[in-house]
1. Those residues that are surrounded by fewer than 15 Cβ atoms within 10 Å (Cβ to Cβ), hydrophobic (A, V, I, L, M, F, W, C) and within 25 Å of the chain's Cα centre (by Cα), I need them from the stretch 31-46; list them, please.
2. Looking only at the stretch 128-150, decide whether some residue is out of contact with any Lys or Arg (no Cβ under 6 Å at 6 or more places or on another chain), within 28 Å of residue 260 (Cα to Cα) and of a type in the set (Gly, Ala, Ser).
3. Considering only residues that are over 20 Å from residue 72 (Cα atoms), assigned to a loop (DSSP other than H, G, I, E, B) and modelled with pLDDT of 85 or more, which ones fall in the stretch 188-241?
4. For the condition closer than 18 Å to residue 235 by Cα, surrounded by 16 or more Cβ atoms within 10 Å (Cβ to Cβ) and of a type in the set (A, V, I, L, M), what is the one hit in 252, 296, 312, 318?
5. Criterion first (in contact (Cβ under 8 Å) with a residue 40 or more places away in the chain, surrounded by 15 or more Cβ atoms within 10 Å (Cβ to Cβ) and either in contact with a helix residue (DSSP H, G or I) (Cβ under 8 Å, 6 or more places away or on another chain) or part of a helix (DSSP H, G or I) (or both)) does residue 130 satisfy it?
6. What's the number of the only condition in (1) outside any helix (DSSP H, G or I); (2) over 22 Å from the mean Cα position of the chain (by Cα); (3) farther than 30 Å from residue 46 by Cβ that residue 138 fails to meet?
7. Within the stretch 248-275, restricting attention to residues that are free of Cβ contacts under 8 Å to residues at least 24 places away in the same chain and in a helix (DSSP H, G or I), which residue is nearest to residue 182 (Cα to Cα)?
8. Consider the stretch 223-266. How many of its residues are closer than 28 Å to residue 65 by Cα and among the hydrophobic types (A, V, I, L, M, F, W, C)?
Amino acid sequence: MKSWRWVSMMGLLFLWSLAVQSRAAEPEVVVLAGFHETRDWLAAENWWGEVNRETQLSAPNVLITGIPQRWRETSSTLPVSEKKEVFYRFLLPLILHANDMVLSGRAAVVDARERFQSQGALTAAELAEVKRFAPILRIRTREQMAEFSESDPDLPAVLDELLFKLDVIPAGLALGQAAYESGYGTSRFASEGNALFGQWTFGGEGLKPEQQRQSLGDHRIAAFDWPFDSVRAYFLNLMSHPAYAAFRDLRAARRAAGESLRSLDLADGLTAYSERGQEYVDTLKGIIRVNNLARADDAVLRDEPRRFILGAEDPEDAERIRNEIEKLRRSGELAEIVQRMNLD
């Protein structure tokens, strides 16, 4: 578990924007002043609930940079359907981006395995990717991979296990779990630590539950610098933690059979996600069905420049934030932060 450090929301926003400059030289930053302006922006984006829900869902290429603490209060005044809509719409692009990253890494491993099978060798770049992914996915330790080479007899097995673990998580499943675990972003852990999936951590880091059971040790809820960190950690958790072997087995079996990876099917592999076991899975599947979240399994990001969403309290606060953004842009400090964060 990484050491979570709090950084300014402005820094978080531009950390990511600079990390994706290859896709957009000057990504747009949308500063929204309050919920009414947010609602108007959603409506203008045609992202408030499509009329024809049988068509493929396409999400705007936007990333939120934090869950405002005021969302807990604001959401309590909204109709339940509207609260859900806002939560799902802002979270889906983060999940789709995570899956894009997974598919990119998976494609690289597929190429590496095919090259090794046909030529008995890997390129330096392919070997570097294998050495990078193996520790992240708990296949080998960093120490074991330090001296790893293409002549290692375990290479075919490592490549196979990488493809087994490095695979997508259906977007509808991730949306359902985030809603379940965070109360649609209204939990204390979501508002104080951008924590969307209730992931535990030990060692004194993270947010302490109000009622911490002594028998379980000093467990806490992992806190994150911004929402995408939480999404990424959730993906890594399902792809690598021993507790979710059943999920990965089910996913691999469906892929091997040429079947689609669907939320309602793969939810059956998550009995270990909660102490509630099958009851948890049944509730999760109910959330997916009632809210038609399986439709998100086929969703795609729109082919458009990425934008970043930053919330402000009011128009005056929004103007202050825009001025801070410009200062950070000119200072050059943000590029250094991006290098340290290694967000690729």
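The values are calculated or read from the model by the stated rules, or taken from the named source; none is laboratory data. Predicted model, so just to flag it, every value in this text is computed and none were measured. Cβ coordinates were reconstructed from backbone atoms using ideal geometry, including for glycine residues, and neighbour counts include every protein chain displayed.
1. Once the filter is applied, which keeps residues that are surrounded by fewer than 15 Cβ atoms within 10 Å (Cβ to Cβ), hydrophobic (A, V, I, L, M, F, W, C) and within 25 Å of the chain's Cα centre (by Cα), the stretch 31-46 yields only 43.
2. no
3. 241
4. On the way: 252 fails: surrounded by 16 or more Cβ atoms within 10 Å (Cβ to Cβ); 312 fails: closer than 18 Å to residue 235 by Cα; 318 fails: closer than 18 Å to residue 235 by Cα.
It is 296.
5. On the way: in contact (Cβ under 8 Å) with a residue 40 or more places away in the chain: no; surrounded by 15 or more Cβ atoms within 10 Å (Cβ to Cβ): yes; either in contact with a helix residue (DSSP H, G or I) (Cβ under 8 Å, 6 or more places away or on another chain) or part of a helix (DSSP H, G or I) (or both): yes.
No.
6. So residue 138 meets the others, but not (2).
7. To start, the set of residues in the stretch 248-275 that are free of Cβ contacts under 8 Å to residues at least 24 places away in the same chain comprises 249-250, 253-254, 256-259, 265, 268, 274-275.
From what's left, in a helix (DSSP H, G or I): 249-250, 253-254, 256, 265, 268.
Numbers: 249: 27, 250: 26, 253: 30, 254: 29, 256: 33, 265: 22, 268: 20 Å.
The qualifying residue nearest to residue 182 (Cα to Cα) is 268.
8. 10
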